[in-house]
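Notes for the one structure printed next.
Derivation of every value follows stated rules applied to the coordinates shown; laboratory data play no part. Computed from a predicted structure; not experimentally measured. In this analysis, Cβ positions are derived from the backbone assuming ideal geometry, glycine residues included, and neighbour counts consider all displayed protein chains.
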């Protein structure tokens, strides 16, 4: 809240922030591609054998969806809803339109089957929000189902002609009618240049919605806000995490007072974030793409916390495309001789032979999370740029008491 130009911090009656008593440690070598989610043929197998190994969903044949990226997902009435970014067809130019899909798959071992939303003519259903432009890099990026309906966040305002294309970007909240497949614009959530919730991740927590957010694209830390689920459509009662006071979270009604819950060591550089909750562990789990200071530090990072406001554990690099063998296997590497065979598809006129692939947007699939003995397995959708597709990834982490891990580190 603001009074006479002064930001008032509100210390709420929440439990004192406690460092997680469980330690999660990434198991080296466990980060692997499970399957390719988009397209008809697995590009890795095709490059190696020259033959088409069909994907589980065959999205090109079944829905005229050859390529897309992102893939944030959320639960809605028994279905898993996926939100995709700029999409391309087998022959059609979709002009960076965005697509959606649903799934009832519950076991990653049996494959992830996507039912891409289509129109009566068999072409993809595109996300269309009245009054909101959704062109290149303007995408749906988070969703949640509440008692008051299904809500989806989109971002807009990109301008490639500006030195900083996202300087005027903003995010909006929409209500999605799943039966009629229509969008209703509700409100603006955050606006650049100072907005910190342009690309959010949403998760219900009791009677509230936790909104983790990023501001400038690939130049942000992770912020947190909480909104009552009963007023999520209007935003009334939104509070922004403003730090810890005597071990308790302090909240402000002003977005400008928000401070990071997770900050990158090398400076703000996160582009996409995903947060889920593990009831089995009593922990919040986060993945994000970061470390862009060098090829050896770039990739997918993982961290965790007992409470959404933290403190969050030291982030671990759980996937690096060079270190973990993705280059030349399912991420195109133009330097490979002879050619690795991963020549597209690409989007936007990019040369499929000379355009390097790159991983981004590690969006976890909460229902696929597995705890078996002392091992946690997380599954996430990962975009690869070239080929322009999404792959399902798995990473394993050991589960141990935090104190035991601390002793092991000292020795």
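Annotations for the structure displayed:
- Projected-area mean, the stretch 292-411, by convex hull of Cα positions, square nanometres: 10.2 nm²
- Inter-part distance where the stretch 365-391 and the stretch 156-181 are each reduced to a Cα centre, Å: 26 Å
- Computed across the stretch 38-96, the Kirkwood hydrodynamic radius from all distinct Cα-Cα pairs reaches 12.7 Å.
- The chain - mean residue ellipticity at 222 nm from DSSP helices (-39,500 (n - 2.57) per run, n ≥ 4, rounded to 500): -1500 deg cm²/dmol
- Within the stretch 126-149, backbone nitrogen closer than 20 Å to the virtual label 7 Å beyond the Cα of residue 230 toward Cβ: 145-149
- On the beta carbon distance between residue 265 and residue 351, with R0 = 35 Å, the FRET formula returns roughly 0.50.
- The stretch between residue 323 and residue 51, if pulled fully straight at 0.36 nm per residue, gains 95.2 nm over its current Cα-Cα span.
- Remark: spin-label model distance residue 110-residue 185 equals 4.3 nm, labels positioned 7 Å along the Cα→Cβ axis.
- Within a Gaussian network of the chain (alpha carbon springs, distance under 10 Å), most fluctuating of 268, 228, 279: 279
- Calculated SAXS-style log₁₀ I(q)/I(0) at q = 0.15 Å⁻¹ - the stretch 82-190, Debye, Cα scatterers: -0.71
- Shown here are the Rg and Dmax of the Cα trace of the chain, at 20.8, 69 Å.
- Model label sites at residue 372 and residue 148, defined 7 Å from Cα along the beta-carbon direction, differ in position by 4.1 nm.
- Percent of Cα pairs exceeding the 21 Å cut-off, where the set is the stretch 244-355: 55 percent
- Distance histogram for the stretch 174-293 (every C-alpha pair counted, 5 angstrom bins, percent rounded to whole numbers): 2, 11, 18, 22, 21, 15, 7, 3, 1, 0
- Separation of the residue 400 and residue 175 label points, Cα + 7 Å toward Cβ, nm: 5.1 nm
- Our estimate of slack between residue 207 and residue 75, defined as 0.36 nm per intervening residue step minus the Cα-Cα distance, is 45.9 nm.
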